[in-house]
Amino acid sequence: MSDPSPSLHLRQRLRRGRDRLATALITAGGIGVVAALLAIGVFLVVEVLPLFWPAPADTGADVSWQALWLPQSYEGYDAPQHRWQPTVTSAEERPQYGMTPLVWGTLKAAAWALVIAVPLALGAAIHSALFMSRRLRSRIKPTLELMEALPGVVIGFIAGLVLAPWVERHLAGALAMVVLLPPGVLIAGWGWTRLPAPLRRGLPLGWAGLWLIPWLLVLVTAALALAPWLEAGWFGGDLRGWLETRLGLEYASRNAVIVGLAMGFAVMPSIYALAEDALSGVPASLAEGAQALGATRWQTLWQVMLPAASPGVFSAVMIGAGRAVGETMIVLMASGNAALMTLSPFDGMRSMAASIAIELPEAALGGTHYRLLLLAALALFVFTFLVNTLAEVVRVRLRRRYRRLGGAP
Amino acid sequence: MLRRGKVRRRWLGVLMLVLTMPMAMADEVVGTLGAVGSDTLAGLMLRWGEQLTDRHPGVRLQLQASGSASAPPALMAGTTRLGPMSRAMSDAERGDFVEHHGYPPVAIEVARDALVVVVHRHNPLEGLRLTEVDAIFSDTRRCGGEQAITRWRELGIERPDGPLALHGRNAASGTYGLFRQRALCNGDFRVRLDEHPGSAAVVAAVAASPRAIGYAGRNHLTAGVRALTLVDAEGNAYRPDPERVRQGDYPLSRTLYLYLNLPPGQALPGPERAFVELILSPEGQETVTELGFVALPQATLERQRRRLGLNDAP
């Protein structure tokens, strides 16, 4: 055998070299990402550690673990208080480092975001995966996913400067909408089943997303028009006063519901996208089998599709929760940032992420305040890390299950 | 060939002209001025920087507006020679500087400013006593308010009714600190107070709700809100008018400073000298008024010009 031509040989070696280079670069990139993640964690731990160890007295730190989380007695108050007031303006004062309100605010904001986002996102996912016409779905899905790209600061700005004042002025109208819209949509569904068949064919279920829009507009208008009557008849003409005297709830214009609406809007696309993928990934043979055995669409959905896709739906909600807890700008602009610890949906709150954003630039480097803000950052880091890991593990399980059920990978 | 050579020569000529132009126009004032400090002063500093470049094309101002608290460390470390601050240096900050350099920093008053208590433009409230301000904004009421004021009725107002919605700046900002010092006698803020990341946001929030009351920098006033008259313990009423703020009578007025790192006995270097000259000139003080701050009294301007050895006639 003669040698292969030298140029071919060279080319082969070149290609192999390039291959190796690419592999090395990709590996380095992967390792780099992991290293950066670890470095962030290590940095946070190193910065936070001097708060507690060695013994606080040595480092001059003036907090203990208990003082951070339990109510403290401060001068001028009758009872121990949870207070976050980390700066002082005179030497006699002592800064107040109660972090419980911040944790409370973070969880409250995230909970309201999920209360609003999860039903809507899951409903949308179920509808678009199982009922929506293919053509409409191919438009709606990318649009919803594009919504995710909307910067938080824009949503926060709209929520804080447009939505919050509007809802404050039209409180009764907003409440009427909440009360009217869900039954209104149900009525539309009931009416649809009663329509004569030819008319029903003209309004196919797959296009409900479009033909419901005029009906929704009618409902919204009706709610706004009815609101003054509603307020006069049931609430003595002053819903705010009624809330206060009857329920003891003070209405703050930037409150948990506003934050929930804005942040719900922000996390909805990611929950929707993941849940939709999980639902439309359920092997078609399952649904077909169920319907062949005589199950209705509703039964197929509840007894076959949802149980099969439940891990995916769960991980979608988890990812949404992770985003809601870490979201900064929306809470910063729409929550009022008052470090309150109340259950009322009409009170504001202060989240850890928002506190970091507004206070870190002004906190003295290496001081107690600075380290406490980094402790909050560490808590957020650990929380989102755990939640995302959990969601990912569940999703991998789901993929394996689909493969076992004989669907597409 | 010949033509191309001509074109090239012409370009060369233009290039030479461009290169020599700055030299022809150059004066002794050339360089980059770095400043680190107050964000309240940021707009003003930038405008002065532009005017300085108009006067002396060779000078640029580079500003890092990260809060008054960032000025003293930067001056001490020598990363900047100009430190704009919306408050006077604390004794501790001054002490650190002296310990490090062996001489105190030079403080220049550059403008006056004030905090205003604002309400919605439709709110009938005219003014507040200082003890009432304390009773509204504070939980501990160090300034002597006996009873917390939480509802508009308690101020004798029928419309709006219901609770007061409080708005203010975020903890750790200079505005927050000044208000807490002067209006709350260093007491604690009410917990139920919305903290906004800027004075403009406070004003916007108050302008959106008739029940709201808040405090903000005077230069952020808009048509949507009204600044309240403040009444001191002796019963003197002060509106936040320019004249009241200039004289320092208005209880929440403050002076804005520019701190310089200048060894004693040395003259100001060229760019710094030009900058300070501009600030203390009628043109510089006009900019102060334009941006909603209050210009310094003539006597203060002259005293400072003399102290720094600047030309008396601008």
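The table for this structure:
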item	result
Condition check for A:Phe43: more than 14 Å from chain B (Cβ to nearest Cβ), more than 30 Å from A:Asp347 (Cα to Cα) and crowded, with 16+ Cβ neighbours inside 10 Å	no
Top-ranked residue in the range B:73-125 [being among the small types (Gly, Ala, Ser) and surrounded by fewer than 17 Cβ atoms within 10 Å (Cβ to Cβ); ranked as farthest from B:Arg153 (Cα to Cα)]	B:Gly102
Tally, over the range A:172-184, of residues that are within 14 Å of A:Leu261 (Cβ to Cβ) and of a type outside the set (Gly, Ala, Ser)	4
Residue in the range A:121-136 that is farther than 22 Å from A:Phe314 by Cβ and crowded, with 18+ Cβ neighbours inside 10 Å present	yes
Some residue of the range B:151-159 being farther than 14 Å from B:Leu125 by Cα and either within 12 Å of chain A (Cβ to nearest Cβ) or within 24 Å of the chain's Cα centre (by Cα) (or both)	no
Every pair of residues 6+ apart whose Cβ atoms lie under 6 Å, when the first sits in the range B:190-202 and is more than 7 Å from chain A (Cβ to nearest Cβ) and modelled with pLDDT under 90 while the second is buried (at least 24 other Cβ atoms within 10 Å of the Cβ) and not in a helix (DSSP H, G or I)	B:Ser199/B:Ala216; B:Ser199/B:Gly217
Residues within the range A:346-392 that are crowded, with 22+ Cβ neighbours inside 10 Å, within 11 Å of chain B (Cβ to nearest Cβ) and touching a Gly at 6+ places or on another chain (Cβ under 7 Å), tallied	4
Among residues of the range B:263-284, those that are surrounded by 18 or more Cβ atoms within 10 Å (Cβ to Cβ), within 22 Å of B:Val98 (Cα to Cα) and touching a helix residue (DSSP H, G or I) at 6+ places or on another chain (Cβ under 9 Å), counted	1
Those helices (runs of 4 or more DSSP H) lying entirely in the range A:255-373 with at least 2 residues of a type in the set (S, T, N, Q)	A:256-280, A:284-292, A:306-326
Any hit, the range B:292-311, residues being outside the structural domain of B:Gly127 (by TED's automatic domain parsing), part of a helix (DSSP H, G or I), of a type in the set (Asp, Glu) and touching a helix residue (DSSP H, G or I) at 6+ places or on another chain (Cβ under 9 Å)	no
Number of the condition not met by B:Arg180 [criteria: (1) free of Cβ contacts under 8 Å to residues at least 24 places away in the same chain; (2) surrounded by fewer than 21 Cβ atoms within 10 Å (Cβ to Cβ); (3) facing another protein chain (nearest Cβ under 9 Å)]	(2)
Number of the exception - B:Asp139 against (1) closer than 18 Å to A:Ser90 by Cα; (2) of a type in the set (D, E, K, R); (3) more than 9 Å from chain A (Cβ to nearest Cβ); (4) more than 27 Å from the chain's Cα centre (by Cα)	(3)
Any hit, the range A:116-129, residues being over 16 Å from A:Pro269 (Cβ atoms) and not in a loop (DSSP other than H, G, I, E, B)	no
Residue in the range B:56-64 that is within 14 Å of another protein chain (Cβ to nearest Cβ), at pLDDT below 90 and within 23 Å of B:Ala295 (Cβ to Cβ) present	no
Single condition A:Ser310 does not satisfy, out of (1) at pLDDT below 90; (2) away from every other protein chain (no Cβ under 14 Å); (3) under 16 Å from A:Arg254 (Cβ atoms)	(3)
Subset of the range A:281-301 (residues that are loosely packed, with under 12 Cβ neighbours inside 10 Å and within 17 Å of A:Gly123 (Cβ to Cβ))	A:Trp298
Residue that is farthest from the other protein chains (Cβ to nearest Cβ), among those in the range B:213-227 that are aliphatic (A, V, I, L, M) and buried (at least 24 other Cβ atoms within 10 Å of the Cβ)	B:Ala216
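Table: residues versus (1) over 30 Å from A:Lys108 (Cβ atoms); (2) in a helix (DSSP H, G or I); (3) under 29 Å from the mean Cα position of the chain (by Cα).
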position: A:Leu199; (1), (2), (3): yes, yes, no
position: A:Trp207; (1), (2), (3): yes, yes, yes
position: A:Leu224; (1), (2), (3): no, yes, yes
position: A:Trp229; (1), (2), (3): yes, yes, no
position: A:Gly233; (1), (2), (3): yes, yes, no
position: A:Leu243; (1), (2), (3): no, yes, yes
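The values are calculated or read from the model by the stated rules, or taken from the named source; none is laboratory data. Computed from a prediction, not measured in an experiment: that's the story for all the values here. Neighbour counts run over all protein chains shown; Cβ positions are idealised from the backbone, glycine included.
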